[in-house]
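Only one structure is covered here, and it is reproduced in the block below.
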Amino acid sequence: MLQLTAFSYTVLEAAKEINIHIPTLCFLKDVSEIGCCRMCLVEVEGVRSLQAACVYPVKDGMKVKTHTPEIMKIRKKNLELILSNHPARCQSCTRTNSCELQNLADTLDANFENYRSYQEPLTVDLPLAIDDGISIQRDPNRCVLCRRCVSICNDIQTVGAINAINRGFNTIIGTPENRSLDNTICVNCGQCINVCPTGALQEHRSIDEVWDAIYDPDKYVVVQTAPAVRAALGEEFGNPIGTDVTGKMVSALRMVGFDKVFDTDFAADLTIMEEGTELIDRIRGGGVLPLITSCSPGWIKFCEHNYPEMIPNLSTCKSPQQMMGAVIKSYFAEKNGINPAKIVVVSVMPCTAKKFEAKRPELSVNGLPDVDHAITTRELARMIKSLGIEFNALDEGQFDDPLGFSTGAGLIFGTTGGVMEAALRTVCDILNGTSSDAIDYVQVRGIEDGIKIAEVEILDLKIRAAVAHGLGNARKLIERVKAGEKFENALAAARSRVIADKLTLAKSIARSLASAWEEVKAGTPLAEGRLAIDHLDRFPKLAAAAALIGQAAAGDDKAKAKLLKSFESAAAEHKRIISELEKLVGIESPGESKPAVDDALALAAELTAAIAGNFAASSAHESRPKSIDPKQLLAEFANAGLLERDALEASFERFDNAYGKIR
């Protein structure tokens with residue numbers, strides 16, 4: 001039995017915190033939380049029927065049973081009903097061994113044969129049409145109606161290409177008028193494939209065409225690999241996520257049979273040189289602004305469908321994939337005396353939209369496409385495995401010259417914000433005539449907040465840049481641009497949000513620690529994992545306090561005595577100082593913060609965390625800490641890039657005043 005407290009969110013999340021596994025099929029955090037699969041049913045004391053744990057909110061003191069015989073039986077029945085309408089072709093399915101439905105069937109020991117005779121005519125007998133498009137293959141026979149793909153397409157990406165059609169047993173996930181995805185507003189981003197728990201959605205397979213080209217003696221087959229592939233391929237061979245396997249990948253590609261192995265980073269450098277120069281020309285020549293990158297084919301199709309009026313804003317440059325194909329079939333072919341018609345360019349890309357891009361008729365010259373075939377990382381892994389290559393035992397290979405050479409600008413294309421950072425660096429270097437590391441570009445890196453705004457001054461140019469993570473955020477950004485927003489106050493607003501978020505986080509951690517301490521004082525056994533608080537590592541002193549609480553909970557009387565004297569005062573002091581600082585800067589809550597919030601507030605959380613930590617770690621209780629140096633803390637934040645150096649002196653004065661009033 002699970003006893004819940006008010007700080008939890010849903011029953012599923014609360015159970016996970018104490019290592020109780022409740023099975024799910026439709027649930028996907030922040031994407032699909034609708035409770036339609038009924039695999040996570042639990043019994044809530046005092047509630048008449050079973051409830052879906054993934055959507056049922058917790059209440060203080062409620063009691064939940066998660067694995068009674070009745071619940072286990074119902075979950076198994078639900079799964080068997082799903083399986084009874086699912087084609088049993090696991091051996092030939094690309095999701096074998098990575099299928100969530102298959103894993104559930106194994107875990108719950110389900111047997112769909114129990115229900116086959118009672119079902120409507122099976123889809124295995126009357127198969128629905130498979131839509132094998134240019135980029136994505138959609139097999140409705142394998143669909144379990146979890147609606148994850150609907151949520152990601154409509155709510156996250158805001159594309160809206162697919163939805164639930166019909167009702168009851170006739171329900172399917174499909175497109176308007178059941179058209180092929182190629183003939184809809186689908187942008188081929190492939191996010192639906194990422195969230196599908198079965199093999200209902202997968203990339204269109206181009207492996208056979210690539211093998212045909214490799215074994216054709218009249219063809220000269222060249223392969224190029226995107227920067228993200230080398231960080232993802234290793235996972236297919238049992239390596240930790242993110243392992244760099246560049247050298248082994250190159251060796252494997254040669255063993256597969258490619259005549260040349262080139263690096264798309266080379267073309268990324270070309271692309272960024274062209275885009276950077278185009279940006280300068282548009283700014284100084286009065287061209288259409290803002291300039292929007294054309295590197296993502298999914299974004300290009302999204303723009304064509306939803307914002308055709310913004311097409312003139314798109315860069316005229318080809319994407320790195322297409323630029324590399326064009327260079328191979330022109331420059332490389334000429335220098336090596338090879339007929340371009342005999343060259344087959346294969347690209348290995350992390351994005352299914354690249355398949356669609358390669359087939360666009362406008363991206364060809366004299367009837368020869370820049371890129372003949374685009375395959376995904378998964379497809380490359382299948383090719384390597386089919387030859388029995390021991391990937392992890394391979395030597396480190398090197399890309400072929402000259403199209404295997406690249407700079408760091410090309411490499412960072414594989415991360416969010418990398419294209420923007422490369423563009424800004426290139427513009428700076430072109431205008432300055434030399435490479436410069438004097439400008440900090442961290443404002444455009446990473447995926448936090450969804451949209452990042454940066455402002456960079458280079459000689460006589462002031463460049464405002466924005467990075468959007470995901471098509472949903474791209475839509476928001478374009479709407480802001482269309483509304484006439486110039487982002488003059490964007491940096492101040494962004495800083496204000498960061499400050500407010502940090503303050504909220506510090507208060508949340510303090511509450512969690514105080515709650516845990518109350519349990520320890522009351523003699524309640526502290527649940528395992530309770531102090532595994534998210535982001536606690538950002539507050540070292542509070543982390544030290546958490547460690548002492550853990551020791552006290554484990555029966556360390558010395559630690560408990562120390563905390564008994566100090567932690568309550570620390571928590572009270574933490575709360576009082578936060579409250580005083582909020583009053584000093586004129587806000588009542590983080591949600592009401594303004595762009596003009598003092599930089600001092602950015603340090604409030606760390607400062608009070610240090611104060612609380614001082615109390616908690618000290619064997620003798622003191623009414624006020626003596627070792628806190630606000631200026632030193634400010635300097636550390638400045639060195640970490642969290643404060644602008646030109647604002648430091650003013651920050652010192654403001655913070656000294658604030659600290660003096662509460663000390």
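The values are calculated or read from the model by the stated rules, or taken from the named source; none is laboratory data. Being a predicted model, the structure only gives us computed values, none of them experimental. Every residue, glycine as well, gets a Cβ built from its backbone with ideal geometry; the counts of neighbours run over all protein chains shown. Accessible surface areas use protein heavy atoms only, side chains included; no ligands, DNA or RNA. Shrake-Rupley method; radii C 1.70, N 1.55, O 1.52, S 1.80 Å.
For the stretch 45-68, a residue qualifies if it is open to solvent by 20 Å² or more (accessible area, probe 1.4 Å) and hydroxyl-bearing (Ser, Thr, Tyr), and the qualifying residues are SER49, TYR56, THR68. Counting only strands (runs of 3 or more DSSP E) that sit completely within the stretch 152-212, those holding 3 or more residues that are under 14 Å from ASP132 (Cα atoms) correspond to 201-203. Checking CYS196 against (1) closer than 14 Å to VAL346 by Cα; (2) surrounded by 23 or more Cβ atoms within 10 Å (Cβ to Cβ), only one condition comes out false. Which one? Every listed condition holds for CYS196 apart from (1). Just a yes or no: is a residue in the stretch 284-298 assigned to a helix (DSSP H, G or I), buried (at least 19 other Cβ atoms within 10 Å of the Cβ) and not polar (S, T, N, Q)? Yes, the stretch 284-298 contains a residue that is assigned to a helix (DSSP H, G or I), buried (at least 19 other Cβ atoms within 10 Å of the Cβ) and not polar (S, T, N, Q). Considering each of ALA409, ALA423 in turn, give the residue that is over 26 Å from GLY234 (Cα atoms), at pLDDT below 95, of a type in the set (A, V, I, L, M) and buried (at least 19 other Cβ atoms within 10 Å of the Cβ). Exactly one of ALA409, ALA423 is over 26 Å from GLY234 (Cα atoms), at pLDDT below 95, of a type in the set (A, V, I, L, M) and buried (at least 19 other Cβ atoms within 10 Å of the Cβ), namely ALA423. Annotation note: of PRO176, PRO127, the sole residue that is open to solvent by 20 Å² or more (accessible area, probe 1.4 Å), within 30 Å of HIS373 (Cβ to Cβ) and modelled with pLDDT of 85 or more is PRO176.
Matching residues to (1) open to solvent by 70 Å² or more (accessible area, probe 1.4 Å); (2) in a helix (DSSP H, G or I); (3) at pLDDT below 95:
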| position | (1), (2), (3) |
| --- | --- |
| VAL371 | no, no, no |
| ILE375 | no, no, no |
| LEU380 | no, yes, no |
| MET383 | no, yes, no |
| ASN392 | yes, yes, no |
| THR416 | no, no, yes |
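Selection of the stretch 252-278 for residues being more than 30 Å from PRO312 (Cα to Cα) and either without any contact (Cβ under 8 Å) to a residue 12 or more places away in the chain or open to solvent by 20 Å² or more (accessible area, probe 1.4 Å) (or both) yields ARG254, MET255, GLY257, ASP259, LYS260. Could you list, in sequence order, the residues of the stretch 6-44 that are open to solvent by 20 Å² or more (accessible area, probe 1.4 Å), touching a residue at least 40 places away in the same chain (Cβ under 8 Å) and part of a strand (DSSP E or B)? Within the stretch 6-44, THR10, LEU28 qualify. Screening TYR331 with (1) open to solvent by less than 70 Å² (accessible area, probe 1.4 Å); (2) under 19 Å from ASP400 (Cα atoms) gives one miss only, at (1). For the stretch 218-238, a tally of residues being modelled with pLDDT of 95 or more and exposed (fewer than 15 other Cβ atoms within 10 Å of the Cβ) returns 1.
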